[in-house]
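Following: one structure in C-alpha cells, then a few remarks.
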Amino acid sequence: MSKRWSIACLITVLLTSVTLPLSEATAGTCSGKTCQTTRLEFTPGQRITIQVINQTASLVELQKVYGTDALPLRPGQQVEFDLGGGTEPNVSVLFWDVTALPLRSRLSKLNERTLRIELRPGYTPPGDRAVYIRDDGRVIAY
C-alpha cells in the first residue's frame, strides 16, 4: 500500500508541475527592451547623510577616508554621519570585519539626501570592503 501511495504522490507532483506557468521561473535580459535603472545616484556636490547598520554577528570597523579614525560598530548598532557638500571629491567609506570574515553591503537610497549601507555576512571572500561615492554622484560598492 505505501509503495502505491508513494508512486501516486510522485505522479501527482510531476503532473501538476508540468501544468504550472513557466514564466514565473524564467529569467530574461533587458536586451531590446526598456529597463529601469537600479543605480543609486545623488546630485554631485550635495551634502548627504550616510547611515551604516551592522547586521552581522561580529564587530565591524568603519572609516571615512580622509576624515576619521576607524570607528567600531557592534552587532545591531547604527551610526550616521554627513558627507559631501563642498569640495570634498570622491568620498569613500571603508569597512571590515575584525575577525576577517567577508561582508556584503546592501545599499538603499532612503530619500534624496540619505544613503543607507546595511552590512551583512558575505559568505564568499573577498566580499565588499568599501562604498565609493563618485564625483558624478554614482554610488558603487567594492
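The values are calculated or read from the model by the stated rules, or taken from the named source; none is laboratory data. Note that the coordinates shown come from a computational prediction; the quantities given were computed from them, not determined experimentally. Heads up, the Cβs are rebuilt from the backbone with ideal geometry, glycines too, and the neighbour counts pull from every protein chain shown.
Side notes on the structure shown:
- Filtered by the rule that a residue be of a type outside the set (D, E, K, R), surrounded by 15 or more Cβ atoms within 10 Å (Cβ to Cβ) and touching a Lys or Arg at 6+ places or on another chain (Cβ under 9 Å), region 122-140 gives GLY122, GLY127, TYR132, VAL139.
- Scanning region 78-101 for residues that are surrounded by 17 or more Cβ atoms within 10 Å (Cβ to Cβ) and at pLDDT 90 or above turns up VAL93, PHE95, TRP96, ASP97.
- THR56 meets all of the listed conditions (1) hydroxyl-bearing (Ser, Thr, Tyr); (2) part of a strand (DSSP E or B); (3) surrounded by 15 or more Cβ atoms within 10 Å (Cβ to Cβ) but one, namely (2).
- The residue of region 48-70 that is modelled with the highest pLDDT, among those that are out of contact with any Pro (no Cβ under 8 Å at 6 or more places or on another chain) and among the charged types (D, E, K, R), is ASP69.
- Residue match in region 106-127 (condition: at positive phi, without any contact (Cβ under 8 Å) to a residue 60 or more places away in the chain and polar (S, T, N, Q)): no
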